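Notes for the one structure printed next.
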Amino acid sequence: MIKPHRTARFYFLKFKRLRGDSASLARGVALGVFIGITPTIPMHTVSILLLSFPFRASKISALLASVMVSNPLTFFPTYYFSWLIGDRFLPGILTWEKIDSIMILIDTKAGFTIIITELSKLGIDALTVLLLGGGVLATPFAIVGYFLSLKFFKVIEEKRIKRRALKESE
């Protein structure tokens with residue numbers, strides 16, 4: 001049984017124990033949230049590791065944030081809203097009928113290769129719709145994630161500094 005309170009506490013403690021520059025950790029959270037929300041599930045880890053270097057972001061905080069926002073409970077809403085938003089910008093390229101045919105295929109428990117083959121038939125246009133929609137969807141969450149986590153990491157850093165000063169004064 002999933003216990004949301006326990007899961008939230010688990011991630012809170014994981015983030016609390018991270019060491020490093022507050023800004024780097026916060027950039028990692030923003031990057032992880034952004035990548036985690038985009039519909040690129042098979043490429044999340046690789047994308048995070050590649051993009052963390054130019055953004056000077058913490059790889060660990062990015063991976064943690066990505067896992068937090070991208071999980072089996074969020075897969076379908078993420079893809080649905082990515083399609084919905086992407087379809088507003090590029091209407092008619094990826095129709096609901098095309099998506100429904102893939103969902104029916106997945107529901108019949110067809111093999112992985114069959115599903116991937118059918119997905120590849122949707123083409124680069126469908127991928128563009130999903131990526132555009134996912135990018136638009138993820139941007140505000142990443143921005144909010146950055147500022148909230150920056151504040152969180154600064155508070156944690158200040159507490160560590162005070163604790164260290166108290167130990168040194170004893």
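The values are calculated or read from the model by the stated rules, or taken from the named source; none is laboratory data. Quick caveat: nothing in here was measured; it's all calculated off a predicted structure. A quick note on method: Cβ atoms are made from the backbone with ideal geometry, for glycine too, and the neighbour counts reach across all protein chains shown.
Quick look at the values:
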quantity: Leading residue by the ranking (modelled with the lowest pLDDT) among those in the stretch 75-130 that are among the small types (G, A, S), assigned to a helix (DSSP H, G or I) and surrounded by 12 or more Cβ atoms within 10 Å (Cβ to Cβ); calculated: G123
quantity: Residue within the stretch 146-153 that is hydroxyl-bearing (S, T, Y), in contact with a helix residue (DSSP H, G or I) (Cβ under 9 Å, 6 or more places away or on another chain), surrounded by 15 or more Cβ atoms within 10 Å (Cβ to Cβ) and over 22 Å from F12 (Cβ atoms) present; calculated: no
quantity: Inter-residue pairs, beta-carbon under 7 Å, first farther than 13 Å from A65 by Cα and in the stretch 1-29, second modelled with pLDDT of 90 or more and in a helix (DSSP H, G or I), 6+ apart; calculated: S22/L150; S22/F153; S22/K154; S22/E157; A23/L150
quantity: Matching entry among S120, S58 (being out of contact with any Phe, Trp or Tyr (no Cβ under 8 Å at 6 or more places or on another chain) and in contact (Cβ under 8 Å) with a residue 12 or more places away in the chain); calculated: S58
quantity: Residue selected from the stretch 36-48 under the condition without any contact (Cβ under 8 Å) to a residue 60 or more places away in the chain and of a type in the set (A, V, I, L, M, F, W, C), by the criterion farthest from L137 (Cα to Cα); calculated: V46
quantity: Any chance I41 is crowded, with 17+ Cβ neighbours inside 10 Å and of a type outside the set (K, R); calculated: no
quantity: Some residue of the stretch 134-155 being over 21 Å from A62 (Cβ atoms) and either under 22 Å from the mean Cα position of the chain (by Cα) or in a helix (DSSP H, G or I) (or both); calculated: no
quantity: Given (1) over 15 Å from the mean Cα position of the chain (by Cα); (2) not in a loop (DSSP other than H, G, I, E, B), index of the condition P54 fails; calculated: (2)
